[in-house]
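Data first, discussion second: the structure below is written as structure tokens.
The values are calculated or read from the model by the stated rules, or taken from the named source; none is laboratory data. Note that the structure is predicted; figures quoted are calculated from it, not measured. Backbone-built Cβ (ideal geometry, glycine too); neighbour counts: all protein chains shown. The protein model used for the area step is the full one, side chains on, heavy atoms only, and it has no ligands, DNA or RNA in it. Shrake-Rupley method; radii C 1.70, N 1.55, O 1.52, S 1.80 Å.
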Amino acid sequence: MNLASQSGEAGCNQLLFANFNQDNTSLAVGTKSGYKFFSLSSVDKLEQIYECSKYMDIVNVQQWGVKFDAILFFAAYCSLADTEDVCIVERLFSSSLVAIVSLKAPRKLKVCHFKKGTEICNYSYSNTILAVKLNRQRLIVCLEESLYIHNIRDMKVLHTIRETPPNPLGLCALSISNDNCYLAYPGSATIGEVQVFDTVNLRAANMIPAHDSPLAALAFDASGSKLATASEKGTVIRVFSIPEGQKLFEFRRGMKRCVSICSLAFSMEGLFLSASSNTETVHIFKLETLRERPQEEPTTWTGYFGRALMASTSYLPAQMSDMFNQGRAFATVRLPFSGHKNICALAIIQKIPRLLVAAADGYLYMYNLDPQDGGECTLMKQHKLDGTVDSANEILEPAPLDRPLIAQGYSAVVIKGYSEDQGAAGGIGVEEDMSCLRLDEENEQPPMTLETD
């Protein structure tokens, strides 16, 4: 959720960005002063596990006893300039690898080891970076009319998709699966075509005519075998098989009004799909076929009428038949606001399914989801995204012994390069770091350590 272009409308003026990591175990927040990571292991407490702030880090350098002369101060200040106005901050699962973009340098991507406070590399692009996506194999940088595919092991540019249809919102989705490592992005600016690209074999996989209107949201499930789509109309959500492009499910979000879909998100096991919008309602759909649904005998005349109506859909015109066969929401959430941009996630926290909503009003909302009966979800907690505790939402549990990590106050010197054929300027900071991006280390989850000599 990038709020850089509309932060003035947000309820929290400091908030510029919020997003969940790939397995919904942590939340990244970008602000005007830096960025933070929060653990999502508990409902009662939003535990801050890391904070990077320019002013805090320069003070920390002094506290560490570093000889802090004017030259060192200036170097530290310059190296930390990009930690202000963070409009994109993406973490790779629960590892130390983080990708950062600042409003002060919107064309520059920094890849860092945040626990060590070291910069691994940086790249500069020809236009503003609108989105960054990560998985264990690839890093994707989305510009308005191009996409760059990096190898995450050495950060080299493997492929560039040029002259894509205008994509001013940076809409794209990257599967987190190693077996189905696909990228999806709009194939048209006027209709809802989805281009599916194989990022391992670096070739186009399919083009899916998903909607009549331009696309508004895309999301892969964890296996990379399903893709959910929504258009600017916002009334219908569709799910397609990947890479075949066969329509598997079609859900109706509503009929009364067209809305702006803010986000789509699958649960990790792929059974549920959530859709949030600029209204106060979040819809949760259950991905089950008619054969999988338990058949209940109707007990009222309306029930018998409904069954007869469904049986007659094969004789109706295609458009009416499709409308009757569209699935309805299995569960809903009533948010305490409307009109704010937001992003949602479905996660298991303390062994219970939850819907999480991070919103531009500066709060994270946590709801319980009944996986059996659905219905309206219950709000359990709301937390401020700046990490402070509301007096009305105060937690009386003792704080854990582990303390939040504090970022180091200076970065490694970066040696810049340029690749004219790929169109991205930058590269690995230290020569040895090219072989230090380990993806098979067992000390972190997922396995990722970045070492510097």
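Among residues of the stretch 195-222 that are under 19 Å from Thr235 (Cα atoms) and touching a residue at least 40 places away in the same chain (Cβ under 8 Å), those with a beta-carbon under 7 Å from a residue that is part of a loop (DSSP other than H, G, I, E, B) and not hydrophobic (A, V, I, L, M, F, W, C) at least six positions away or on a different chain give the pairs Ala216/Glu232; Ala216/Gly234; Ala216/Ser260.
Would you check if Ala222 is surrounded by fewer than 21 Cβ atoms within 10 Å (Cβ to Cβ), among the aliphatic types (A, V, I, L, M) and either closer than 16 Å to Lys286 by Cα or under 19 Å from the mean Cα position of the chain (by Cα) (or both)? When the stated conditions are applied, Ala222 passes them.
This table checks each residue for (1) under 22 Å from Leu139 (Cα atoms); (2) crowded, with 20+ Cβ neighbours inside 10 Å.
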position: Pro165; (1), (2): yes, no
position: Cys172; (1), (2): yes, yes
position: Ser175; (1), (2): yes, yes
position: Asp179; (1), (2): yes, no
position: Ala189; (1), (2): no, no
position: Thr199; (1), (2): yes, yes
position: Arg253; (1), (2): no, yes
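The set of residues in the stretch 139-177 being among the charged types (D, E, K, R) and part of a strand (DSSP E or B) consists of Arg162 alone. Determine if the stretch 287-298 includes at least one residue that is assigned to a strand (DSSP E or B), crowded, with 17+ Cβ neighbours inside 10 Å and modelled with pLDDT of 95 or more. Looking through the stretch 287-298, none of the residues is assigned to a strand (DSSP E or B), crowded, with 17+ Cβ neighbours inside 10 Å and modelled with pLDDT of 95 or more.
Looking at (1) over 24 Å from Phe266 (Cβ atoms); (2) open to solvent by less than 10 Å² (accessible area, probe 1.4 Å), which one does Ala210 not meet, given that it meets all the others? Every condition holds for Ala210 apart from (1).
Taking first residues from the stretch 358-374 that are open to solvent by less than 50 Å² (accessible area, probe 1.4 Å) and partners that are aromatic (Phe, Trp, Tyr) and part of a loop (DSSP other than H, G, I, E, B), the Cβ contacts under 7 Å between residues at least 6 apart in sequence or on separate chains come to Ala359/Phe337; Asp361/Phe337; Gly374/Phe330.
Can you confirm whether the stretch 22-38 contains a residue that is of a type in the set (A, V, I, L, M), touching a Gly at 6+ places or on another chain (Cβ under 9 Å) and either more than 18 Å from Pro106 (Cα to Cα) or open to solvent by 20 Å² or more (accessible area, probe 1.4 Å) (or both)? No, that holds for no residue.
The set of residues in the stretch 141-162 being open to solvent by 30 Å² or more (accessible area, probe 1.4 Å), under 13 Å from Pro186 (Cβ atoms) and over 20 Å from the mean Cα position of the chain (by Cα) consists of Glu145 alone. Inside the stretch 95-125, residues that are more than 17 Å from Ala425 (Cβ to Cβ), open to solvent by 10 Å² or more (accessible area, probe 1.4 Å), outside any strand (DSSP E or B) and in contact (Cβ under 8 Å) with a residue 40 or more places away in the chain make up a count of 4.
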